[in-house]
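**Student:** Got a structure here, written out as structure tokens. Questions coming.
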Amino acid sequence: MNPLKTLTLQLIPDAVFPMFQRMQFHEVEVPIDDVVMRGVYPWSGDSAGYDKHPSLVDKFLFELNQSGVKLPELAEHGWCHDVYSSHDAYSYINKRPRFTRLLLELQQRMYFVKKMSYRELLEIARNHLAENWKPGLVLTLLDRMYPRFNELRRYIKQKHPKVKLASYGDLHNIALHQLFNIEDFIDREQLLLSEAFPCSNFRSSAFLENVTDKQGRLQLGNHHQHFTVSAMSPIDRVLLTWSVSAEKASGMCRLIPQLGGSYLRRDFAMDFAKEWKIGDGNLCFSTSMDNVVQMMQSQQVEADFPTINYFQEVQPIRATADLQSIHSEIPQEVSSYRIRDIPTISWTGNELKNLLRSYDISTSGNKSDLLKRLAMYTAEEYQTQKSELDNYFTKHRFIHIREQPRRCDEFGVWEQKDALQNHLLVMYVMRHLRGDTILDPTHENTSTNSKQLALALVSKKVQLEGAFIPVI
């Protein structure tokens, strides 16, 4: 079982300007009770390839852009501007979640300092430039002041009439650092600041106190009371997940198993409850947070926090079970639909070649070439079939669910079966899912094109999981 992790944030002195600090971040393991009861953020890592909790970035930016963490004098002069992050629907194209990319950007483009006045900042810039006064630096300053040669020549001749300057190339043969000094640019404050500092954005170092605990671990809330734990039956090797709700005041947790229609899961749930319960309960039971910690330490369970949202009230994760009619042996279940497997990088080269041949597509080259051709063909076919998909999903409305029931039907878009139909369905669903829940033909995410999405699917950089239930 994978241990829970979080991120630690810390500030270290900048290599060039040690009076300023830069942000650093690292992954560390974290006990589950610190996540549940004290609100430490459960980081999934870059390997997830997507933003598991989109509100994380928004909450972090909300705190970062608060006026209380901006330095008043620097903010007045435009050196504490707000930071924004784009909402990429397909983060896998960028290979890293938005939050990782945000932290890397802050690491490279933001200084942190306990306090700083504009006058102090300007003095640091002047001293730094004076210490590094060279012909190239002076030429850069002059060029930024007067980007047109005639204006630049006129300015230099006014200062030093004896200097011979016929062309721009002559500037490289002149000891400019001896003709000019920092005082010649004393009234060009923004020029000096922008040339001295590679970063133009500052924050108070007290910012970290708003987003971390005393150990420097990422913490944006007081607790995360709703989560899940999963365990594998040692006998039947069935995976069972429990929805968990924790009470911060009492330290007790309520576990409800997601049984579906499996008798093996039911039996495992009863054995698990018998081992860990406090009080009554054969399937649903209560236990202490200390017991949940022991579950994690013994590696019996793996915890997940799928519903964290820093701007909305989080509801408990719903558990599921099939209910049978008292008067009938036929299970009374809501119809559900799933999309079967699609051709991906896990297929062998021969399997991919056989598929390509059925569409008269070239089979030369290595496996990567085959996948690219398959993706390009599928993307073109998607554009051809899109109107038919629109028509079907406009007439039949569905909601995406995370769990996959025992019995699932296939979507009836086409009467004739084709090997690439599942691939087309996955592409359509991923482009038309609103909030990862509602399949809405009127909503289309266009942040990536069909060719990029088709290639990401065959490369398994993104996958569609779960099932769909109809809106009745």
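The values are calculated or read from the model by the stated rules, or taken from the named source; none is laboratory data. These figures come from a predicted structure and were not determined experimentally. All Cβ positions, even for glycine, are placed from backbone atoms using ideal geometry, and neighbour counts span all protein chains on display.
**Student:** Can you name every one of the strands (runs of 3 or more DSSP E) wholly within segment 142-251 that holds 1 or more residues which are under 24 Å from residue 295 (Cα atoms) and of a type in the set (S, T, N, Q)?
**Tutor:** Fully inside segment 142-251 and qualifying: 226-232, 239-246.
**Student:** Please determine whether any residue of segment 114-125 is of a type in the set (Ser, Thr, Tyr) and more than 40 Å from the chain's Cα centre (by Cα).
**Tutor:** no
**Student:** Still on this structure, I have one more. If you check every pair at least six apart or on different chains, which have Cβ atoms under 8 Å apart with a residue in segment 161-190 that is touching a residue at least 40 places away in the same chain (Cβ under 8 Å) first and a residue that is part of a loop (DSSP other than H, G, I, E, B) and aromatic (Phe, Trp, Tyr) second?
**Tutor:** Short answer, once both residue conditions are applied: 177/133; 181/133; 182/133.
**Student:** Could I ask something else about it? Would you pick out the residues in segment 215-229 that are surrounded by fewer than 16 Cβ atoms within 10 Å (Cβ to Cβ) and modelled with pLDDT of 95 or more?
**Tutor:** The one that is surrounded by fewer than 16 Cβ atoms within 10 Å (Cβ to Cβ) and modelled with pLDDT of 95 or more: 215.
**Student:** I'd like the full set of residues that are charged (D, E, K, R) and either without any contact (Cβ under 8 Å) to a residue 60 or more places away in the chain or in a helix (DSSP H, G or I) (or both), limited to segment 356-408.
**Tutor:** 357, 360, 367, 369, 372, 373, 380, 381, 386, 388, 390, 395
**Student:** Tally up the residues in segment 260-284 that are closer than 16 Å to residue 301 by Cα and part of a loop (DSSP other than H, G, I, E, B), please.
**Tutor:** Looking only at that region, the number is 1.
**Student:** Something else: Looking for whichever is more than 18 Å from residue 468 (Cβ to Cβ), at pLDDT below 85 and basic (Lys, Arg) here; the options are 417, 372, 367, 386. Which one fits?
**Tutor:** On inspection, the qualifying residue turns out to be 417.
**Student:** Oh, and also: Taking residue 423 as the residue in question, decide whether it is in a strand (DSSP E or B), assigned by TED's automatic domain parsing to the domain that holds residue 352 and either crowded, with 18+ Cβ neighbours inside 10 Å or touching a strand residue (DSSP E or B) at 6+ places or on another chain (Cβ under 9 Å) (or both).
**Tutor:** Considered against the rule, which asks whether it is in a strand (DSSP E or B), assigned by TED's automatic domain parsing to the domain that holds residue 352 and either crowded, with 18+ Cβ neighbours inside 10 Å or touching a strand residue (DSSP E or B) at 6+ places or on another chain (Cβ under 9 Å) (or both), residue 423 comes out as no.
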